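Input: a single structure, listed below in structure tokens.
The values are calculated or read from the model by the stated rules, or taken from the named source; none is laboratory data. Just so we're clear, the structure is a prediction, and the values are computed from it rather than from any experiment. Reconstructed Cβ throughout: ideal geometry from the backbone, glycine too, with neighbour counts over all protein chains shown.
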Amino acid sequence: MRSVEALETIYRPWLLRVTRRLARGEELRTNLAQILEQFYNALIQAVETGDPAWLDPILNEWVKAYTETEISSHELSLLAILGQLHLTTLDVAREILTEADALSLLSLAAPAFVYAFQTAARLEMERTIERISWDLEKANASLQRLDKSKSNFISVAAHELKTPLTLIEGYAAMLRDQLPASAEFEQARIILKGVNNGTRRLREIIDDMIDVSLIDNQLLSLNFQPVWINRLIDLLHKDLARSLEERQQILEIYPFDGWAEMTFGDSERLYQAFRNVLLNSIKYTPDGGKISISGRQLPGFVEIIIADTGIGIDPEDHLRIFDKFGNLGDVSLHSSGKTKYKGGGPGLGLSITKGIIEAHGGSIWVESPGYDEIKCPGSTFHILLPLRKTPPDDRTAKLFAPLYDTENFSGGSG
Ligand code: ADP
């Protein structure tokens, strides 16, 4: 018997058995019978022509018919259904046909079933991937919306806080000016100094919030001018001398090739960036610890390395600390001081630093074996800055042309 004839012979019992196995209820069986008839016709064509691609349309249709719930709950069942169809074909052929006819039919139908399994697996996988990418896109869009509203909130809050703060600062200054210099007002002067410290710290936080929203919205504008890294570091050393002394820490500076080179950059912003990293080094290093600044010159770049002997940072947090509010410490330990040991802040410093360095075309990263308050493995921050020998824009070029044209435009040994 020809294989196609054999397939036609077993069709009725095959259909009866498959519908019983796959669907409960008369209505379901009638629907299923129509679909199975399409499959069977395609199978006959595939066997007759030797081209299993005849099965493509029906398989495609089945995979397309999955509901969203089936896909998201991973209840894809086409492979299982094909398994049942294959099994039933084997059973029915063995029962109804002669052994020789059954064998010849099954060996001719086998490639069509193998093809159907492979195609169904591929189509189901594609459908799942499509669904996952769509979910990811949706999640990404809602994260972006969330980040945008966080950024808007920071910006609005910062500007709203600035007005009353200016009022407090103004009245405190008036009070200070009007206080007689006599000894009986000493207590009032101490209280006013406290108010002053508080408002200064509050202004720093508000300024940080404004900087973060500028960076978030790509509005940070840089005032390019000639900068010497060694001079910035010298200034910082002087600025932080008191904090270092209070914490009995030593700051060692190792001059390196290229550190006295002139580069175009925003000196104020770069100073702020280096200061944030150094303040953290002081803050997260125990009393008596050591901090060092070294670096190296690379083709077109200078790398500044700030290392400390502090509590260190776990590798899984090496990227997170550069996110806004990426502070890892206990919120209850937040301190109004900028250099108190482990006195966590709002977690804006490093995100601003990263924004500033990246706006200069550079990058920043940290290396640390891990977080350990007992062993203090330390952290090493690397800042890579491009050495810009020429001004980045016409305005800067005009302003500084007489300067950078001269030969001896060097920062000296520092
Ligand atoms: P914060 O205001 O909390 O200091 P930063 O953005 O400056 O915020 O730093 C983010 C977090 O990174 C800190 O809360 C701290 O956990 C960690 N961190 C930063 N610098 C260091 C360092 N030198 N050693 C250990 N941890 C650090």
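For the range 245-256, does any single residue satisfy the condition of being under 32 Å from the mean Cα position of the chain (by Cα) and assigned to a helix (DSSP H, G or I)?
No: the range 245-256 contains no residue that is under 32 Å from the mean Cα position of the chain (by Cα) and assigned to a helix (DSSP H, G or I).
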Legend entry - Pairs where the first residue, in the range 208-219, is of a type in the set (Val, Ile, Thr) and the second is in a helix (DSSP H, G or I), C-beta under 7 Å, 6+ apart: Ile210/Ala158; Val212/Ile154; Val212/Ser351; Val212/Ile352; Ile215/Ile352; Ile215/Gly355
Inset, instruction - Select from the range 376-397 the residues that are away from the ligand (no atom under 16 Å from the Cβ) and either closer than 28 Å to Ser294 by Cβ or modelled with pLDDT of 95 or more (or both) and write down the one among them that is surrounded by the fewest Cβ atoms within 10 Å (Cβ to Cβ). - result: Thr390
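Quick test for you: out of Phe301, Phe264, pick the one residue that is within 27 Å of the chain's Cα centre (by Cα) and either buried (at least 20 other Cβ atoms within 10 Å of the Cβ) or over 25 Å from Lys324 (Cα atoms) (or both).
Selected residue: Phe301, the only one of Phe301, Phe264 that is within 27 Å of the chain's Cα centre (by Cα) and either buried (at least 20 other Cβ atoms within 10 Å of the Cβ) or over 25 Å from Lys324 (Cα atoms) (or both).
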Inset, instruction - Within the range 290-318, work out how many residues are in a strand (DSSP E or B) and more than 16 Å from the ligand (Cβ to nearest atom). - result: 7
Inset, instruction - Run Asp287 past the list (1) within 12 Å of the ligand (Cβ to nearest atom); (2) assigned to a loop (DSSP other than H, G, I, E, B); (3) at pLDDT 95 or above and report the number of the one that doesn't hold. - result: (1)
Legend entry - Pair list, Cβ under 6 Å, 6 or more apart: the range 30-46 residue under 13 Å from Ile81 (Cβ atoms) and free of Cβ contacts under 8 Å to residues at least 60 places away in the same chain, other residue in a helix (DSSP H, G or I) and not aliphatic (A, V, I, L, M): Leu32/Thr19
Legend entry - Unique match (being surrounded by 14 or more Cβ atoms within 10 Å (Cβ to Cβ), within 16 Å of the ligand (Cβ to nearest atom) and either modelled with pLDDT under 95 or small (Gly, Ala, Ser) (or both)) among Ser243, Ser332: Ser243
Legend entry - Flag if Ile168 is of a type in the set (Val, Ile, Thr), surrounded by 10 or more Cβ atoms within 10 Å (Cβ to Cβ) and at pLDDT 90 or above: yes
Legend entry - the range 115-136 - residue that is without any contact (Cβ under 8 Å) to a residue 24 or more places away in the chain and among the β-branched types (Val, Ile, Thr) and, of those, nearest to Leu85 (Cα to Cα): Ile129
Legend entry - Counted residues, the range 205-226 - those being within 17 Å of Ile357 (Cβ to Cβ), of a type in the set (A, V, I, L, M) and not in a loop (DSSP other than H, G, I, E, B): 3
